[in-house]
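This report refers to the structure that appears directly beneath it.
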Amino acid sequence: MDTETALPNIAFPGHDKFIAALDAAVTQGDEHAITAALRRTLCNLIRDKDVRLPDCVHEPLQDHYARRELYRSPEHGYSVVAMTWGPGQGTPVHDHCGLWCVEGVWDGELEICQYELLEQDGNRFRFRAAGGMHAGPGSAGSLIPPHEYHTIRNTNPDAVAVSLHIYKAPMACCSMFVPQEGEWFTRLDKTLCTDDAR
């Protein structure tokens, strides 16, 4: 397999233990059982001293939060993406293109806000914030469509945050929602790129 078509598989301490644990979790049954198993597994892995993510994931980028794909399972199809959030960096309201996802905070703290879709009028969507939380290291949550609308932000003005995201399949695009008037947003299709993970 040449480098252009090779699946991402970045080496790091505890890599094999990490992948074996994720592989076991994604064979648990339906999406609810899988995401529950992945949440437990990810919380354990974050606390596991044998597992250390590559140094690059602790390096923020100035103009956007970093998305570094660390692994893509050739057998199960899931994708593991580390995200690095510089101070103040975050996302608009967005979806996951119909993919389930488990997200865990590896370092730092993130503010996560869920949104409930109330109605849709063509390319206009009406959302209402449905609860938020500050998540610290070792915490994990899941998103299962259609309950996938949310924002993520590093609200700390001084510290970098790192999160790990396990998607059902590689997420190459999503919809982001731009605020208009009141609770109304306009949908924009967004292509998602990944940053160098070496």
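The values are calculated or read from the model by the stated rules, or taken from the named source; none is laboratory data. Worth saying up front: this structure is predicted, and the values here are computed from it rather than measured. Neighbour counts run over all protein chains shown; Cβ positions are idealised from the backbone, glycine included.
Miscellaneous remarks
- Of everything in segment 93-104 that is part of a loop (DSSP other than H, G, I, E, B) and buried (at least 16 other Cβ atoms within 10 Å of the Cβ), the residue that is modelled with the lowest pLDDT is C97.
- Selection within segment 134-175 - closer than 15 Å to R67 by Cβ, among the aliphatic types (A, V, I, L, M) and buried (at least 21 other Cβ atoms within 10 Å of the Cβ): I152, A161, V162, L164, I166
- Which numbered condition M133 misses (of (1) in contact (Cβ under 8 Å) with a residue 40 or more places away in the chain; (2) more than 14 Å from L38 (Cβ to Cβ); (3) part of a strand (DSSP E or B)): (1)
- Residue match in segment 80-89 (condition: among the hydroxyl-bearing types (S, T, Y), assigned to a strand (DSSP E or B), closer than 23 Å to P146 by Cβ and at pLDDT 95 or above): no
- Taking segment 85-108 as the range and being in contact with a Phe, Trp or Tyr (Cβ under 9 Å, 6 or more places away or on another chain) and under 19 Å from F18 (Cα atoms) as the test, the residues that pass are C101, V102.
- Every test in (1) more than 22 Å from T194 (Cβ to Cβ); (2) surrounded by 15 or more Cβ atoms within 10 Å (Cβ to Cβ); (3) touching a residue at least 12 places away in the same chain (Cβ under 8 Å) is passed by R72 save one, and that test is (1).
- All of (1) in a loop (DSSP other than H, G, I, E, B); (2) in contact (Cβ under 8 Å) with a residue 12 or more places away in the chain hold for E181 with one exception: (2).
- Among the residues of segment 114-123, those identified as in a strand (DSSP E or B) and either touching a Lys or Arg at 6+ places or on another chain (Cβ under 8 Å) or exposed (fewer than 10 other Cβ atoms within 10 Å of the Cβ) (or both) are Y115, E116, L117, L118, E119, Q120, D121.
- Top-ranked residue of segment 32-51 - restricted to ones that are surrounded by 13 or more Cβ atoms within 10 Å (Cβ to Cβ) and charged (D, E, K, R), ranked as nearest to K168 (Cα to Cα): R39
- In segment 124-133, the residues that are among the aromatic types (F, W, Y) and either out of contact with any Lys or Arg (no Cβ under 9 Å at 6 or more places or on another chain) or exposed (fewer than 13 other Cβ atoms within 10 Å of the Cβ) (or both): F127
Residue by residue, here is whether (1) among the basic types (K, R); (2) part of a helix (DSSP H, G or I); (3) within 14 Å of D196 (Cα to Cα) holds:
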{"position": "P13", "(1), (2), (3)": "no, no, no"}
{"position": "T27", "(1), (2), (3)": "no, no, no"}
{"position": "I34", "(1), (2), (3)": "no, yes, no"}
{"position": "L38", "(1), (2), (3)": "no, yes, no"}
{"position": "L45", "(1), (2), (3)": "no, yes, no"}
{"position": "R52", "(1), (2), (3)": "yes, no, no"}
{"position": "G77", "(1), (2), (3)": "no, no, no"}
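One line per residue, one yes/no per condition, for (1) acidic (D, E); (2) in a strand (DSSP E or B); (3) under 18 Å from I46 (Cβ atoms); (4) over 14 Å from the mean Cα position of the chain (by Cα):
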position	(1), (2), (3), (4)
W106	no, yes, yes, no
R128	no, yes, no, yes
L164	no, yes, yes, no
C174	no, yes, no, no
D189	yes, yes, no, yes
C193	no, no, no, no
